[in-house]
Amino acid sequence: MSGKNNRTKRMFTLNCNGRLLVLDKPIVMGIINVTPDSFYKSSRVQDNDKVIQQAAEMLEEGATILDIGGQSTRPGSTRISAAEEAQRVLPVIESVNKNFPQAFISVDTYYALVAENAIAAGASIINDISGGTLDESMVATVGKFPVPYICMHMQGKPETMQQNPVYENLTREVLDFFIQQTEKCRQQNINDVIIDPGFGFGKTPSHNFQLLKDLAVFKMLDKPVLAGLSRKATIYRTLNITAEESLNGTTALNMIALLNGANILRVHDVKEAAETIKLFIAYKASAD
């Protein structure tokens, strides 16, 4: 029975600037924030030696992708320029790539200029929280390179997205967005698109739970699905705790995401996410 179960699971192969990333099982993306103001304080690192130490620990604990970001996009955050973001992330990407050439590096940016320079510095995945809506040249820029593009849904902009997010039909509207944006990606020769529903980006806790419940709907797009739930407000507000206390809640929601079809878990805590995936694989292998 388990062999049959494994054979029917969809496998994805992503071209990461000439290197193949095979998604035949869920993987972990570790978050590295080279920012002074990300919502989760413990994720902030600005010293290069500390970044290298964090990257080493994440890879040792089971991360496949390291996601490097230089701009906080938490609700109410203040936007910085592409030049300032590039100044933060490019040296870090170069350093991580030099020290860990086996790692797949993604850059968390919505600026086309930063994306292009990050690829030159060693990044091989572009992670755009706006899905191409904040910089109109992003999709065309990414299309010039053989790299995967993470297309995330966000209602509004980080500065104001949580003020009053409203949907008539949440899942349908998010799905329609992805249908539209993946077609734009196809037209610009982006072969590998990863879908991210954008938990916490222009969505209430109720919206986030609904999207998590409906996550399997997005498999109809025949794209890998990324779940970014780590230590977010939906967890700590529901439990009346802090982001620092939200690891257990993150693990619980990550397992739900896996059961509903997530291929990539984007997390601050790699070891726990890797263990969650191991348990998920064991569970699936034993299922009839």
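Some notes on this structure:
- Dipole of the chain, positive end: most advanced residue of 163, 132, 153 [Cβ charges, Cα centre]: 153
- Debye-formula intensities of the range 65-205, expressed as log10 I(q)/I(0) at q = 0.17 Å⁻¹, are -0.92 (one equal scatterer per alpha-carbon, no solvent).
- With every protein chain in place and a 1.4 angstrom probe, the accessible-area ranking of 49, 176, 67, largest first, reads 49, 176, 67.
- Taking amide hydrogens as placed 1.01 Å from N in the peptide plane, the amide H of residue 150 sits under 5 Å from those of 126, 127, 128, 194, each at least 5 positions away in sequence or on another chain.
- In this structure, the pairs whose alpha-carbon distance is over 18 Å, taken from 9/284; 50/98; 98/278; 157/219, are 98/278; 157/219.
- Of the solvent-accessible surface of the chain, computed with a 1.4 Å probe over protein heavy atoms with every protein chain present, carbon and sulfur atoms account for 49 percent.
- Solvent-accessible surface (1.4 Å probe) assigned to residue 19 amounts to roughly 90 Å².
- Charge dipole magnitude, Cβ of K and R +1, D and E -1 - the range 177-288, Cα centre, debye nearest 20: 180
- Counting only Cβ charges, +1 for Lys and Arg and -1 for Asp and Glu, the dipole size of the range 116-197 around its Cα centre is about 140 debye.
- Simple point charges give the picture: +1 on the Cβ of Lys and Arg, -1 on the Cβ of Asp and Glu, and for the chain a dipole about the Cα centre of about 700 debye.
- Think of a 1.4 Å ball rolled over the protein heavy atoms: the chain then has 45 Å² of accessible area per residue.
- Fluctuation leader among 33, 189, 127 - the chain, Gaussian network, Cα springs under 10 angstrom: 189
- Distance histogram for the range 98-167 (every C-alpha pair counted, 5 angstrom bins, percent rounded to whole numbers): 3, 17, 27, 20, 13, 10, 7, 3, 1
The values are calculated or read from the model by the stated rules, or taken from the named source; none is laboratory data. Bear in mind the structure is a predicted one, so any value in this text is a computation, not a measurement. Every residue, glycine among them, receives a Cβ derived from its backbone with ideal geometry; neighbour counts consider all protein chains shown. Surface areas here come from the heavy atoms of the whole protein model, side chains and all, with no ligands, DNA or RNA. Shrake-Rupley method; radii C 1.70, N 1.55, O 1.52, S 1.80 Å.
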